[in-house]
Amino acid sequence: MAEGSSIALQTSTSKKPPPTQQEIEQHYFELFRKAYPLPAGTVGYGDKPDVIITGQRVIGIEITNLYLMDGSDPSSEQVQERRRRETVSRGQEIYEDSGGRNFQLSFSFNKRHPIQDVEAVAMKLSDLARRVEAQENGRIKMSAFADIPELEFGYLYARELVYPDDYADPDFSDGQPDPSEGFRAFATYRNRREAHALRVGSYHRFPTRRSGISGRGTTLA
């Protein structure tokens, strides 16, 4: 070493690169297949779906993460699930106490707008039910509940399809087949009968009794 020269010492700080998303998904799938028997077939990894099992049938599997927030957080699913049920139940009670009609109203709640005040949202649900009670079956326009950000979807089932007693299908001269004689014929007859009822618009309103209001996962009828 020549006098006056210097040597710079370098230490390696390189680390193993973090696993890719596909490697993470493959890791969790391998853990899953150790605990759960899978159909016979060849396993392949890709994207959308993350895993494909090719055998007698082709099965696609998506792998995702579920994050559950602290149950004390007002916006957590634990708290919101309870509040949704309470809101739907209270909304139905308010609507029925005001002499509401008999129908089924279903909701899906918007997770981006958690319920903060059960009573206030229940009142709005009751008001919405009153506004749409005379409408026909189908999805409720979003403009109808623009004042309820806690909702993202609504569906009204206000009248029941009626099958005419005199319905006759030329392929089934003896009427509705018995399911025990073959499900395909039975299903064909029922599907044609329903299509006929839809074409002629044969409906009737539900008899007067308590209404039904429901939220996703909650049915009150």
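Looking only at residues in the range 132-187 that are of a type in the set (G, A, S) and surrounded by 15 or more Cβ atoms within 10 Å (Cβ to Cβ), the one that is farthest from Y95 (Cα to Cα) is A185.
Among the residues of the range 119-137 satisfying the criterion of being assigned to a loop (DSSP other than H, G, I, E, B) and among the charged types (D, E, K, R), which is modelled with the highest pLDDT?
Of the range 119-137, the ones assigned to a loop (DSSP other than H, G, I, E, B) are 133-137.
From what's left, among the charged types (D, E, K, R): 133, 136.
Working: E133: 87, E136: 79.
Taking the candidates together, the pick is E133.
In the condition set (1) within 30 Å of E133 (Cα to Cα); (2) under 24 Å from the mean Cα position of the chain (by Cα); (3) not in a loop (DSSP other than H, G, I, E, B), K111 is compliant with all but (3).
Do you know which residues across the range 138-193 are in a loop (DSSP other than H, G, I, E, B) and either in contact with a Pro (Cβ under 9 Å, 6 or more places away or on another chain) or in contact (Cβ under 8 Å) with a residue 60 or more places away in the chain (or both)?
First pass over the range 138-193, keeping only residues in a loop (DSSP other than H, G, I, E, B): 140-141, 146-150, 158, 162-168, 170-171, 173-178, 182.
E150 - this is the single residue of the range 138-193 that is in a loop (DSSP other than H, G, I, E, B) and either in contact with a Pro (Cβ under 9 Å, 6 or more places away or on another chain) or in contact (Cβ under 8 Å) with a residue 60 or more places away in the chain (or both).
The values are calculated or read from the model by the stated rules, or taken from the named source; none is laboratory data. Since the model is a prediction, treat every value here as computed from it, not as a measurement. Virtual Cβ from ideal backbone geometry, glycine too; neighbours counted across all protein chains shown.
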